[in-house]
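Single-structure report; data block below.
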Amino acid sequence: MDAKTLILGCSREALKITEELLSSDGEVIVATPGNAGDAGLFDGLDTAREAGRLEILPVAGSFSGSGSVGRFNVTFTGNGESIARSVSSIVIVDDVERNPNFSLYGVAPSRDVVSLSQIHELFKSDAGFEKSIPEGQRIAFLTGLVEESNPFITAEVMQCALTLQREYKRQTYILTGNLKVAGNGLEALYRQSKEAGVVYMKFTDTVPDIIVDKNNKISISYVDEIIREKFELDPDVLVVDETLQTSVFSRELASELEIETGPDGFVQSDNVHRAPVFTNRKGIFVAGFSKSVQTEGERQADTGSTALAVLNLYKKPPEEQTGKAEINFTGQCVRCLTCFRVCPYGAISLNSKVAVDLQACEGCGICAAECPRFAIKISAPAGGSVSDRIPAGIKITDTDEFKPSITAFCCSRSAKGAGDLAACMGYSLPAGLQIVEVPCAGSISLDHLYSAFRQGADGVLVMTCHAGNCHSEYGNTYAHQRVDQVSDLLPQLGFEPERLAYKTLASNMGTEFAEIVTAFEKSILELGPSRLKGT
Amino acid sequence: MTANKVLVIGGGVAGLAAASELAELDIDVEIVDQSDFPGGHAIQYTCKATDQCVKCGACMVEEKLERVVTNPKIKVIAGARVRDVSKSEGFSVNLLKKPAFIDPGKCSNCGICFEKCPEEGAVLKGFSRNHVPFFAISEKKCLYLKDQSCRICQEACPEKAIDLNARETAESTRADAVILATGFTPFNPVSKPYGYGKFKNVVTNLELERMLRTDGRAIKPSSGAEAGSIAFIQCVGSRDAKLNHLWCSKVCCGSALRMAGLVKARQPGTQITFFYMDVQTFGRDFDVFYAKVRKDVRLIRAIPGDIYPGTGDQLRVTFLDNLSSETLQEEFDLVVLSVGMTPCHGMQETAEILKVPLAETGFAQKADAGGLASEKGVFTAGSVTGPMSISESIADAGKTAFEVAKYLGV
């Protein structure tokens with residue numbers, strides 16, 4: 001694979017990843033957002049630039065991207081020109097957007113009411129600092145009082161107060177909700193700053209009352225939560241903390257490149273399978289502040305993990321990178337684009353014919369199950385197609401007693417492992433249980449479910465990953481919908497709807513697997529044999 | 001020239017992740033793990049999903065272990081520890097391997113040894129289907145190893161897979177680089193006034209993880225009945241100036257509150273109280289999670305002083321109630337101590353063998369941006385350098401694997 005990577009963003013992590021890739025003989029294009037504050041960040045890399053291995057493109061206008069892993073075609077348009085490039089992988093690693101919480105605390109910015117970033121600016125010049133905050137003045141920080149904070153901001157607040165206290169000899173106060181010390185060295189920093197004289201006030205069920213009058217006089221009245229007495233504090237300077245958001249640049253890239261984002265708006269779905277730097281699209285990685293609010297140590301770990309992931313793509317021979325399934329489109333395809341819409345990995349390409357990019361495909365089978373024309377034939381290299389593996393219902397004839405035949409469709413990433421573990425743990429599982437391992441529950445079609453009943457199952461279970469834990473993002477949701485659809489129809493076909501059930505599991509839930517299948521067997525025992533039994 | 005080989009010491013999530021990343025780059029890897037059941041502490045953790053995944057990461061450990069055991073480039077040496085290391089061209093490493101009482105080639109995981117063993121805890125069960133064999137014999141508890149009084153398991157084994165006379169063996173190996181990934185040791189709370197070890201119904205968060213993992217319910221160890229009221233006590237051995245433990249263990253708030261959520265979903269009648277100093281942010285939808293937890297769980301910002309026996313097998317917890325500024329006593333069925341992460345047992349010795357500097361905290365010194373610990377060719381991954389979550393350990397292991405690949409010129 002071409003060792004050419006596009007780094008999108010302007011951040012220290014972007015610089016670090018660029019350096020690492022250049023040192024691994026890669027070629028890098030860095031595209032920085034037009035409004036980047038620190039565009040000179042990459043100035044130290046002139047040698048690579050002169051050697052033609054590094055190109056830096058400030059993005060003034062719009063960005064578009066197409067293609068998939070191994071060959072992404074990207075175009076930057078702006079200032080009346082259009083620049084097109086082709087790269088094998090993409091990394092999104094921009095800086096974070098900081099929004100001061102003035103309104104959250106009911107105060108307006110002024111000379112004496114400033115944000116955390118503004119106070120950092122003051123440190124840059126000693127003369128400026130002395131003028132802004134003369135000797136003898138007292139500074140109060142507000143953090144995590146209305147909304148929960150995070151270790152990144154807490155670290156900055158504590159460091160800032162410590163510097164003011166120790167180097168500038170100003171008295172500082174930190175008014176905080178939960179003090180977020182879950183970062184490397186933060187508890188030690190907390191103790192150190194306390195010893196240096198920083199005063200901490202913690203709030204749980206009360207909030208301090210903050211008033212800035214028209215003469216800019218600041219007064220804070222609060223209840224000390226341990227002794228429950230009222231106190232007043234009148235600092236000269238009030239510093240408000242900041243809320244961190246993903247940058248507009250990161251957000252726009254995610255939307256253009258069809259990357260799932262998380263509940264916090266950052267560019268990675270909140271899915272454990274994406275750890276540490278992966279996205280739903282192969283060959284597109286996300287790191288640092290584009291990924292989430294992270295501490296210094298976590299962002300550093302991301303840079304190495306990203307470089308490794310890119311290196312892995314470079315080194316792998318192409319034949320090892322083809323996907324996990326064989327997929328063919330039959331003549332039934334009418335280009336309805338359902339597959340294009342549902343593919344979580346962006347692996348469907350639309351040229352003269354609809355086709356699958358096998359390198360980007362993860363073989364989940366959602367496209368085949370969703371295709372309204374049954375035009376997609378998919379089979380895993382080892383296991384064949386799911387349809388071929390649906391077993392005939394077992395007829396247990398050693399006694400006259402009815403032993404239900406249960407077909408359980410199990411996702412390979414969760415329920416299959418849970419079933420194996422249940423067996424290891426020594427649980428006795430129903431004699432009539434037959435497991436059909438599927439690459440993703442999203443590959444289970446309506447036809448598969450009907451077919452299991454047709455083949456003589458007395459009950460059918462669909463067992464998938466928990467919501468929010470599907471490697472294919474929504475495979476379990478599709479499976480759930482199909483189970484509901486079939487359940488609704490079962491009575492019309494003469495089956496009790498209880499013969500079909502949907503359950504979620506993780507691969508380490510052996511006990512729960514045993515509980516589910518045992519309870520299901522019991523309910524089928526009560527219903528008796530399927531009406532198709534023996535026909 | 002022989003192919004590059006890396007030795008990973010410690011088969012927890014960081015060691016496993018680093019190993020499979022290196023194997024992907026065609027590097028041979030050996031993992032030495034002191035436990036019979038590799039996967040570190042986290043392989044014993046429970047999935048904390050209710051209907052919705054809560055991103056605890058426990059399933060990722062299972063996935064990493066699976067990737068390792070199915071990768072032909074990686075060899076796992078379980079039940080072994082490093083005796084010494086010498087360095088000339090590469091590293092020469094001497095290992096001591098526990099006796100292989102159960103032959104993995106013969107064992108069929110039938111579980112008869114476990115069923116027949118008369119001594120509790122003498123035959124141990126694994127935690128993952130990737131633990132092969134799924135059973136192990138405890139050197140501490142086995143009666144035969146104590147006084148040769150019992151050979152029931154060996155005689156009962158239908159596969160003739162058990163040999164109680166097996167001996168410890170010495171093995172040696174070589175490596176071009178070493179990754180130290182020995183993780184952490186959970187704080188031992190016996191020194192705290194909470195009666196741990198004395199009262200059966202005082203357990204650690206790790207014990208609750210295991211309980212939920214194997215039984216699926218929060219029960220009272222004293223009777224096996226479901227616990228009707230549970231108190232979680234946070235920061236036991238973390239953020240403790242008296243112990244000079246000046247660190248937050250990062251993961252315990254998330255672990256405890258997620259377990260509280262799971263128990264609440266499965267045993268809705270259970271009353272849960274959470275004693276804490278500061279609730280730490282965990283997960284990217286923390287605000288939503290926290291809002292729900294505040295409805296389901298009573299949060300009290302105080303760390304209890306003592307625990308005494310109460311009515312029946314209940315435990316009486318003493319704490320300062322902020323709202324009334326009074327010292328209160330309340331009884332609970334089960335008390336869960338969220339024990340902190342401390343430097344792993346034998347850290348000092350390992351550090352000397354590998355010439356790894358220690359930080360003030362006693363954890364291994366986190367290498368600077370270069371990723372190298374002091375001795376050339378020795379690297380660290382995961383919580384051996386300080387508390388880390390599962391996902392942080394995986395990211396750290398990725399960075400380490402990259403540094404190792406760079407060092408080896410891959």
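A few notes on this one:
- Lone unmet requirement of (1) within 14 Å of another protein chain (Cβ to nearest Cβ); (2) crowded, with 21+ Cβ neighbours inside 10 Å for B:VAL68: (1)
- Among the residues of the range A:411-440, those identified as in a loop (DSSP other than H, G, I, E, B), within 13 Å of chain B (Cβ to nearest Cβ) and either surrounded by fewer than 24 Cβ atoms within 10 Å (Cβ to Cβ) or touching a Leu at 6+ places or on another chain (Cβ under 8 Å) (or both) are A:SER412, A:SER414, A:MET425, A:GLY426, A:TYR427, A:SER428.
- Among residues of the range A:105-123, those that are free of Cβ contacts under 8 Å to residues at least 12 places away in the same chain and either in a loop (DSSP other than H, G, I, E, B) or exposed (fewer than 13 other Cβ atoms within 10 Å of the Cβ) (or both), counted: 1
- Scan of the range A:158-177 for residues that are in contact with a Gly (Cβ under 9 Å, 6 or more places away or on another chain) and under 22 Å from A:GLN245 (Cβ atoms), ordered by number: A:THR176, A:GLY177
- Output for the range B:139-157, where each listed residue is touching a helix residue (DSSP H, G or I) at 6+ places or on another chain (Cβ under 7 Å) and either outside the structural domain of B:GLY105 (by TED's automatic domain parsing) or over 21 Å from B:LYS97 (Cα atoms) (or both): B:SER149, B:CYS150, B:ARG151, B:ILE152, B:CYS153, B:ALA156, B:CYS157
- Condition met for B:PHE402 (more than 19 Å from B:PHE187 (Cβ to Cβ), within 14 Å of chain A (Cβ to nearest Cβ) and either part of a helix (DSSP H, G or I) or not aromatic (Phe, Trp, Tyr) (or both)): yes
Yes or no, residue by residue, for (1) touching a residue at least 60 places away in the same chain (Cβ under 8 Å); (2) among the basic types (Lys, Arg):
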{"residue": "B:ALA17", "(1), (2)": "yes, no"}
{"residue": "B:LEU22", "(1), (2)": "yes, no"}
{"residue": "B:ILE27", "(1), (2)": "yes, no"}
{"residue": "B:HIS41", "(1), (2)": "yes, no"}
{"residue": "B:CYS59", "(1), (2)": "no, no"}
{"residue": "B:GLU66", "(1), (2)": "yes, no"}
{"residue": "B:PRO72", "(1), (2)": "no, no"}
{"residue": "B:ARG83", "(1), (2)": "yes, yes"}
{"residue": "B:GLU89", "(1), (2)": "no, no"}
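Residues are listed down the side, and each one gets a yes or a no for (1) among the small types (Gly, Ala, Ser); (2) surrounded by fewer than 19 Cβ atoms within 10 Å (Cβ to Cβ):
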| site | (1), (2) |
| --- | --- |
| A:SER125 | yes, yes |
| A:GLU130 | no, yes |
| A:GLY136 | yes, yes |
| A:GLY144 | yes, no |
| A:CYS160 | no, no |
| A:GLN165 | no, no |
| A:TYR168 | no, yes |
| A:LEU179 | no, no |
| A:GLY183 | yes, no |
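- Matching residues, the range A:17-43, being in a helix (DSSP H, G or I), modelled with pLDDT of 90 or more and more than 23 Å from A:GLU252 (Cα to Cα): A:GLU19, A:GLU20, A:LEU21, A:LEU22, A:SER23
- Restricting attention to the range B:164-220, the residues being of a type in the set (Gly, Ala, Ser), touching a residue at least 40 places away in the same chain (Cβ under 8 Å) and farther than 30 Å from B:VAL356 by Cα number 4.
- Counting only strands (runs of 3 or more DSSP E) that sit completely within the range A:234-348, those holding 2 or more residues that are in contact (Cβ under 8 Å) with a residue 24 or more places away in the chain and more than 14 Å from chain B (Cβ to nearest Cβ) correspond to A:237-240, A:326-329.
- Scanning the range B:45-62 for residues that are outside any loop (DSSP other than H, G, I, E, B) and either over 25 Å from B:PHE134 (Cα atoms) or more than 7 Å from chain A (Cβ to nearest Cβ) (or both) yields B:GLN52, B:VAL61.
- Strands (runs of 3 or more DSSP E) completely within the range A:140-224 that count 2 or more residues being within 14 Å of chain B (Cβ to nearest Cβ) and modelled with pLDDT under 95: A:218-224
- Screening the range B:93-173 for helices (runs of 4 or more DSSP H) wholly inside it with 1 or more residues that are more than 14 Å from chain A (Cβ to nearest Cβ) and crowded, with 16+ Cβ neighbours inside 10 Å returns the ranges B:143-147, B:152-156.
- Enumeration of residues in the range A:121-153 that are under 34 Å from the mean Cα position of the chain (by Cα) and within 12 Å of A:ASP241 (Cβ to Cβ): A:PHE141, A:LEU142, A:THR143, A:GLY144, A:LEU145, A:VAL146, A:GLU147, A:GLU148, A:SER149, A:ASN150, A:PHE152, A:ILE153
- Extreme residue, nearest to the other protein chains (Cβ to nearest Cβ), among residues of the range B:315-346 that are without any contact (Cβ under 8 Å) to a residue 24 or more places away in the chain and not in a loop (DSSP other than H, G, I, E, B): B:LEU320
- Qualifying residue in the range A:512-519 (condition: within 14 Å of another protein chain (Cβ to nearest Cβ) and in a loop (DSSP other than H, G, I, E, B)): no
- Test result for A:ASP241, at pLDDT 95 or above and farther than 30 Å from A:SER507 by Cβ: yes
- For the range B:21-44, the set of residues classified as outside any loop (DSSP other than H, G, I, E, B) and buried (at least 24 other Cβ atoms within 10 Å of the Cβ) consists of B:GLU21, B:LEU22, B:VAL29, B:ILE31, B:VAL32, B:ASP33, B:ALA42, B:ILE43, listed by residue number.
- Against the test of being in the same structural domain as A:PRO235 (by TED's automatic domain parsing) and either modelled with pLDDT under 95 or within 21 Å of A:PRO276 (Cβ to Cβ) (or both), the options A:ARG111, A:ARG12 yield a single qualifying residue, A:ARG111.
- Qualifying position, being buried (at least 20 other Cβ atoms within 10 Å of the Cβ), acidic (Asp, Glu) and under 27 Å from B:GLY261 (Cα atoms), among B:ASP313, B:ASP321, B:ASP287, B:ASP333: B:ASP333
- If you go through the range A:342-394 and pick out every residue that is surrounded by fewer than 18 Cβ atoms within 10 Å (Cβ to Cβ) and among the small types (Gly, Ala, Ser), you end up with 9.
- Subset of the range A:505-531 (residues that are without any contact (Cβ under 8 Å) to a residue 60 or more places away in the chain and of a type outside the set (Lys, Arg)): A:GLU515, A:ILE516, A:ALA519, A:GLU526
To keep it simple, each residue is scored yes or no on (1) over 22 Å from B:GLY237 (Cα atoms); (2) out of contact with any helix residue (DSSP H, G or I) (no Cβ under 7 Å at 6 or more places or on another chain).
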site	(1), (2)
B:LYS250	no, yes
B:LYS264	yes, no
B:MET277	no, yes
B:PHE282	no, no
B:ASP285	yes, yes
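- Any chance A:ARG281 is farther than 15 Å from A:VAL69 by Cα, in contact with a Gly (Cβ under 6 Å, 6 or more places away or on another chain) and at pLDDT 95 or above: no
- Residue satisfying all of: in the range B:221-242; within 14 Å of chain A (Cβ to nearest Cβ) and free of Cβ contacts under 8 Å to residues at least 24 places away in the same chain; nearest to B:ALA49 (Cα to Cα) among these: B:ALA241
The values are calculated or read from the model by the stated rules, or taken from the named source; none is laboratory data. The structure presented is a predicted model; accordingly, all values stated were derived computationally and were not measured. Cβ atoms come from the backbone with ideal geometry, glycine included; neighbour counts cover every protein chain shown.
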